[in-house]
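The values are calculated or read from the model by the stated rules, or taken from the named source; none is laboratory data. None of these values were measured; they are calculated from a predicted model. So basically every Cβ, Gly included, is an ideal-geometry build from the backbone, and we count neighbours across all protein chains shown.
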Amino acid sequence: MKLSVNAFRDWEHKSITLLGMSGVGKTRLAAMLRKHDWFHYSGDYRIGTRYLDEPILDNIKSKAMQVPFLRDLLRNDSIYIENNITVDNLQPVSSFLGKLGNPESGGLPLDEFKYRQMLHRDAEIAAMRDVPSFIDKARDIYGYKHFINDAGGSVCELDDPATLECLAQHTLLIYIKATAKDEKELIRRAEQDPKPLYYREAFLDEMLAIYTQERGLEYVAMIEPDDFVRWVFPRLFNARIPRYENIAAQYGYTITTNDLWAVQTEQDFLSLLEHALRK
C-alpha cells in the first residue's frame with residue numbers, strides 16, 4: 001500500500017505490517033501501541049496457536065512417551081499436555097522448528113528438519129493471509145481503532161507473491177532496517193544464544209554444502225546444531241536484507257532501527273511513518 005501523508009492522516013482505521021529480522025523491535029513497538037487502542041496481531045502467535053498447534057503438541061507428547069512414568073499417565077488419561085503460547089512466549093514454536101544435526105546434541109535429521117520447515121512456511125503463509133479477517137475482527141468485535149501486524153522475521157523468505165500482495169492491499173508495509181551497529185548486535189546475540197530458524201530450502205541446501213565442506217563433515221548427523229546456527233546466521237541475515245528491501249521498494253516503506261528506538265509514544269510512531277511516506 002502506497003499512501004500520501006494526507007491520505008495516511010485521514011485513514012480512520014490504520015493497519016500496519018511491521019517487517020524485519022527478529023530483534024529489531026517489532027514486538028516492543030506493537031506492545032507499546034497495544035496500550036493506545038491498537039490490536040496487536042502476532043504472526044508467530046497465530047502460527048503456534050492455530051496452524052502448528054497439533055504438530056507442536058504431537059512433538060511434545062512423543063518426547064513425553066519416551067519417559068515410562070509420563071507414558072503411563074498419558075496413556076490412561078491421568079494427565080494431558082497443552083500449549084501455553086503467549087505473544088511474549090513463543091518458545092513452543094521455536095522448539096518445534098528445532099535445529100539440524102547430531103541427535104545426541106538435540107539435532108534433527110535432515111528429512112525431519114525440512115518437513116518441519118515446510119510446515120512452518122505453510123503456517124506462516126496462512127497466518128499472513130488471515131490478516132484481513134483479523135483487521136475486521138479487531139474493529140468489529142473487539143472495538144480496536146487501529147491494527148498492527150507483528151510479522152515474523154521469515155516473511156521475506158516465503159517466495160509467495162500472493163501473500164505479499166494480500167498484506168500490501170490491506171496494510172501499510174513498514175520494513176525496519178537494522179543499522180550497521182544493530183546488525184552487529186543481532187549477530188552477537190545469535191552467536192551467544194543460537195535459536196532455531198526458518199530457511200528457504202534452496203538457501204539451506206547451499207549453506208549445508210559449504211558448511212560441511214568447510215568442517216570436513218561427511219553426514220548431516222555429524223553437525224553440531226548450535227555451531228551450524230552460529231555459522232549460518234550472519235549469512236542468513238545478509239541474504240534476507242535484499243529481500244526485505246525489494247518488498248519495501250515494491251509495496252511499502254523503510255525506517256531504521258535508530259528511528260524506531262527513538263519512538264516512545266503513539267504520536268512518535270505516527271510522525272515517523274509520515275516522515276517515511278514523504279521520502
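A compact table of results
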item: Among (1) modelled with pLDDT of 95 or more; (2) over 23 Å from residue 2 (Cβ atoms); (3) assigned to a helix (DSSP H, G or I) - the single one residue 271 does not satisfy; result: (2)
item: Among the residues listed as 182, 193, 122, the single one being touching a residue at least 12 places away in the same chain (Cβ under 8 Å) and under 25 Å from residue 260 (Cα atoms); result: 182
item: The stretch 96-113, residues that are part of a helix (DSSP H, G or I) and surrounded by fewer than 16 Cβ atoms within 10 Å (Cβ to Cβ); result: 103, 104, 105, 111, 112
item: Residue among 116, 71, 75 that is of a type in the set (D, E, K, R) and modelled with pLDDT of 95 or more; result: 116
item: Subset of the stretch 65-95 (residues that are among the β-branched types (Val, Ile, Thr), closer than 30 Å to residue 222 by Cα and buried (at least 17 other Cβ atoms within 10 Å of the Cβ)); result: 93
item: The stretch 225-253 residues that are over 14 Å from residue 183 (Cα atoms) and small (Gly, Ala, Ser), paired with ones that are crowded, with 17+ Cβ neighbours inside 10 Å and at pLDDT 95 or above (beta carbon under 7 Å, 6 or more apart); result: 248/173; 248/175; 248/254; 252/168; 252/172; 252/173; 252/174; 252/175
item: Test: residue in the stretch 28-37 that is buried (at least 18 other Cβ atoms within 10 Å of the Cβ) and of a type in the set (Asp, Glu); result: no
item: All positions within the stretch 1-53 that are farther than 18 Å from residue 131 by Cβ and under 19 Å from the mean Cα position of the chain (by Cα); result: 21, 22, 23, 24, 25, 28, 31, 32, 53
item: Flag for residue 152 being surrounded by 22 or more Cβ atoms within 10 Å (Cβ to Cβ) and either modelled with pLDDT under 95 or not polar (S, T, N, Q) (or both); result: yes
item: Residue within the stretch 8-16 that is aromatic (Phe, Trp, Tyr) and modelled with pLDDT of 95 or more present; result: yes
item: Restricting the stretch 196-240 to residues that are of a type in the set (Val, Ile, Thr) and assigned to a helix (DSSP H, G or I), the residue that is farthest from residue 101 (Cα to Cα); result: 210
item: Only listed residue being within 29 Å of residue 15 (Cβ to Cβ), crowded, with 18+ Cβ neighbours inside 10 Å and in contact with a Lys or Arg (Cβ under 9 Å, 6 or more places away or on another chain), chosen from 164, 158; result: 158
item: Checking residue 79 against (1) among the β-branched types (Val, Ile, Thr); (2) in contact with a Leu (Cβ under 6 Å, 6 or more places away or on another chain); (3) not in a loop (DSSP other than H, G, I, E, B), the condition it does not meet; result: (3)
item: Residue in the stretch 198-210 that is aromatic (Phe, Trp, Tyr) and more than 19 Å from residue 23 (Cβ to Cβ) present; result: yes
item: Subset tally (residues that are touching a helix residue (DSSP H, G or I) at 6+ places or on another chain (Cβ under 7 Å) and among the basic types (Lys, Arg)) for the stretch 178-226; result: 2
